[in-house]
Amino acid sequence: MKIVVAGTGYVGLVTGVALAHIGHNVTCVDVDESKIEKMKKGISPIYEDGLEKLMKDNKNRLTYTTDCKNAYKDADVIFIGVGTPERADGSANLDYVYSVVSEISESLQKDCVVVIKSTVPIGTNDEIEKYLKDNVKKGLKVYVASNPEFLAQGTAIKDTFYASRIIVGTEDKKADEIMRKVYEPLTKPPYNVPYLSMNRKSAEMVKYASNDFLALKVSYINEIANFCEKVGANIEDVTLGMGYDPRIGSKFLKPGIGYGGSCFPKDTKALHWLSKELDTELKTIKACIEVNKIQKIKLYEKLKNDFKSLKGLNVAVLGLTFKPGTDDMREAPSIDNVLLLLDSGANVKAYDPIGVENFKRVIKNKIVDDGITGNINYFNSIDDAIKDTDAVMIMTEWPEIVNYDIKKFEKLMKTPMVYDGRNCYKLEEISKTKIEYKSIGR
């Protein structure tokens, strides 16, 4: 089977490399020539643990190209894994998806299954199939399958090979048979991934329902953590007690400063937007979005309450990415907090082991767009970042930060005031120091 993957971001590239690893010949297509040239040299354009090794291990089964027409024309299966960013109103922007669909319709020379791996609103697969059938060469049979991804950045390789399930939505027996052949190696040892077949709309809904439920769980526990602070309870004891209940479970019960990344923010907004369009507003999802927006600046609010003025204050921000193990800045809480700090006149000293360059690009655009002026400097070590600072704000629980010697906060800071948005340190250890420590729900 000749497989083509359109898009070489987190979803597309990981999918393509994984399919090559289980024995398929895969062509990865992207419009960005610089990315393609990097991949031809075995260099991944994204930071994902283990990905480059897999690219090198399977280089004989992987091809990278910008020549989409030649790639699509004789493909047996084409996976679409391009971005679906949110529009200003919260709806999903499908321009990239339809751009690929249009190219496929113009290029296809044989029967093919087109697999939508991008996260798309319910009903999109039906529209894509109609478009393809109306526009491909006469006589060709084109099937469309919904195959949502459930990858977490930082663990995407493991999440692919040892997935909790493979979801495939089709409206035709032939399409399901072909998809089962594609994924057959993953359904056998050593992977043993369950394969679940359903109709397309159900498959599309599984993706949104799963992500939005997890986002709800995060927002719920963050609100409980905020309440714990008011009543004198310890959120870590509370979540420990909750997690023992098998109906609840312990995952996604870690309080913090909100969720970010490429999935939860846009998927909650997209489903809420669609529910309003269908006149059946999902009020729990609406509340989840509102809670997360407030939670993201929780540390800034704590800092502002402790200082009469932030003007001229030297503040170190430790961790810039939305979570450890990735260089992704999408919806990272650090962005909102740094912008507020700069707008308040504070001097920011920033540190991140991986994401500094991405953060620089994002924050530069935000500063220009919002008309903010301020002083921000970047450092290669935590020691240098916190030296002579009035306060530290922890945004990401990188191992370098979690395992940092807390005594250095006392030694290097001007005033040892630490605002921890990820509850990195044990209260028992903090109590042995002179650090004024503010965390979430404790």
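The values are calculated or read from the model by the stated rules, or taken from the named source; none is laboratory data. Computed from a predicted model, the values in this text were never measured in an experiment. Glycine gets a Cβ as well: all are built from the backbone with ideal geometry, and neighbour counts include every protein chain shown.
Within segment 23-73, being in contact (Cβ under 8 Å) with a residue 40 or more places away in the chain, of a type outside the set (A, V, I, L, M, F, W, C) and under 28 Å from PHE322 (Cβ atoms) holds for TYR47, GLU48, ASP49, GLY50, TYR64. The set of residues from segment 390-401 being surrounded by 15 or more Cβ atoms within 10 Å (Cβ to Cβ), within 29 Å of the chain's Cα centre (by Cα) and either farther than 17 Å from ASN423 by Cα or not polar (S, T, N, Q) (or both) comprises ALA391, VAL392, MET393, ILE394, MET395, GLU397, TRP398, GLU400, ILE401.
Collect the residues in segment 154-190 that are over 23 Å from ILE46 (Cβ atoms) and assigned to a loop (DSSP other than H, G, I, E, B), keeping them in residue-number order. Within segment 154-190, ARG165, THR170, GLU171, ASP172, LYS188, PRO189, PRO190 qualify.
Among the residues of segment 307-337, which ones are acidic (Asp, Glu) and under 12 Å from MET393 (Cβ atoms)? The one that is acidic (Asp, Glu) and under 12 Å from MET393 (Cβ atoms): ASP336.
Restricting TYR208, TYR143 to those that are of a type in the set (Phe, Trp, Tyr), surrounded by 14 or more Cβ atoms within 10 Å (Cβ to Cβ) and within 17 Å of VAL77 (Cα to Cα) reduces the list to TYR143. The helices (runs of 4 or more DSSP H) found wholly in segment 262-365 and carrying at least 3 residues that are hydrophobic (A, V, I, L, M, F, W, C), assigned by TED's automatic domain parsing to the domain that holds GLU397 and buried (at least 19 other Cβ atoms within 10 Å of the Cβ) occupy 333-343. Note on segment 335-382: residues that are within 23 Å of ILE401 (Cα to Cα) and among the β-branched types (Val, Ile, Thr) total 9. Across segment 183-202, the qualifying residues are those that are free of Cβ contacts under 8 Å to residues at least 60 places away in the same chain and hydrophobic (A, V, I, L, M, F, W, C), and the one among them that is nearest to ALA92 (Cα to Cα) is MET198. You will find that of LYS432, LYS387, the residue that is of a type outside the set (Asp, Glu), more than 25 Å from the chain's Cα centre (by Cα) and over 20 Å from GLY312 (Cα atoms) is LYS432 and no other. Taken over segment 100-124, the criterion of being β-branched (Val, Ile, Thr) and part of a helix (DSSP H, G or I) is satisfied by VAL100, VAL101, ILE104, THR124. Every test in (1) touching a helix residue (DSSP H, G or I) at 6+ places or on another chain (Cβ under 6 Å); (2) more than 23 Å from GLY325 (Cβ to Cβ) is passed by ASP390 save one, and that test is (1).
Results for (1) of a type outside the set (D, E, K, R); (2) within 29 Å of the chain's Cα centre (by Cα); (3) in a strand (DSSP E or B); (4) within 30 Å of THR396 (Cβ to Cβ), shown as yes or no for each residue.
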| residue | (1), (2), (3), (4) |
| --- | --- |
| ASP126 | no, yes, no, no |
| LEU132 | yes, no, no, no |
| ALA145 | yes, yes, yes, no |
| LEU151 | yes, yes, no, yes |
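Exactly one residue out of ASP159, ASP176 is touching a Ser or Thr at 6+ places or on another chain (Cβ under 6 Å), of a type in the set (Asp, Glu) and in the same structural domain as LEU54 (by TED's automatic domain parsing): that is ASP176.
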